[in-house]
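The values are calculated or read from the model by the stated rules, or taken from the named source; none is laboratory data. Note that the coordinates shown come from a computational prediction; the quantities given were computed from them, not determined experimentally. Backbone-built Cβ (ideal geometry, glycine too); neighbour counts: all protein chains shown.
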């Protein structure tokens, strides 16, 4: 879970920082591409208005107000205003000095020009306008200031990006910590549900998607708990209900067998009844075991001797060994393994029972343990589809009712999965191997 936690935090940080950097780059690019155009557009809008205002002051002969206005333009906006009479050869500038003017024939009315100053080579934008029939106004400002501010903008963009990244880091850490804590709780709850632990407390109280997910997990947990309880109750009750009539049928069939030895037809009928009752008894027993496994949440693992366990199982089925004239080979079994004894014994008994039951007449059954691998090997008839042997009620092409319930290997699979024991089956020509990885 730590790995996932670090990964989510890292992604949230990268996304946050990425958004900040992209936003800053867009802002910087926008400034580079459009700041000049915007500045010039504003100038072209302001200069004619300034010219109109100056013309108004001159018409009213408000010289003092005009001088204040020109001074304000220079100090506040960096705009210089020059005024010249048509019959003069020089400008009267806003700083109280004089400068050489343009030839009147070169002046163009109400036109914007961009030129370089002679001394500084700085770019300026100039707007000239003829007023009152005999005067010219020249309004100008430097474009070099804009270049200077561009450098300042770059500097502040970089500084702003660094600050924004730090803020994004802090915010993403705080936000992701809270989100990931809730995700951890939801993940733990989902894990508990998968292990059939149904905690009724919703630990995530949020008004967003995670809160909704927590509520849905609560509903799912409740419904699963109810459904499993109902199913267990049904299987348990129905199994116990079936046991009584089956026991009666079995006992009555055994009594009949003793009394009807001379009547072959009746004896055959009693044999069928007895056989079917044994089948039902075994089926119910395995269904009950499967039901217990489904509701089991903990295992009682302890050390058991493998050789003692296997020899005890073989003793219970020695009648199969004798009837088929089988040879049993055991090797490397004097080892202790750590498992849940009760359930592992059931699984191993089913594996060995199947190996004996489905072995060819006069063949060899091998059981050996080497390097944590327990292998049960026997010669058998061909199996159509080895992948179906763990499916309920699947007994292969030669499986008939008296040979089993079809739940044996399903039970084995459940128990091995529950014990987290790795296993595999192999079929090489007529040799079938069941391999368990136990230690």
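Restricting the search to region 31-49, which residues are in contact with a helix residue (DSSP H, G or I) (Cβ under 6 Å, 6 or more places away or on another chain) and more than 17 Å from residue 157 (Cα to Cα)?
Listed by number, the list holds a single entry, 39.
Please go through region 77-135 and give me each residue that is closer than 18 Å to residue 52 by Cα, assigned to a loop (DSSP other than H, G, I, E, B) and at pLDDT 75 or above, ordered by number.
108, 109, 110, 132, 133, 134
Quick one: which strands (runs of 3 or more DSSP E) lie wholly within region 302-391 and hold at least 2 residues that are closer than 26 Å to residue 429 by Cα and assigned by TED's automatic domain parsing to the domain that holds residue 413?
Strands (runs of 3 or more DSSP E) meeting the threshold: 327-331, 364-370, 373-379.
So how many residues does region 311-320 have that are at pLDDT 90 or above and farther than 17 Å from residue 345 by Cα?
Adding up the residues that qualify gives 0.
For residue 193, are the conditions met, namely being modelled with pLDDT under 75 and either touching a helix residue (DSSP H, G or I) at 6+ places or on another chain (Cβ under 8 Å) or closer than 20 Å to residue 228 by Cα (or both)?
No: the conditions fail for residue 193.
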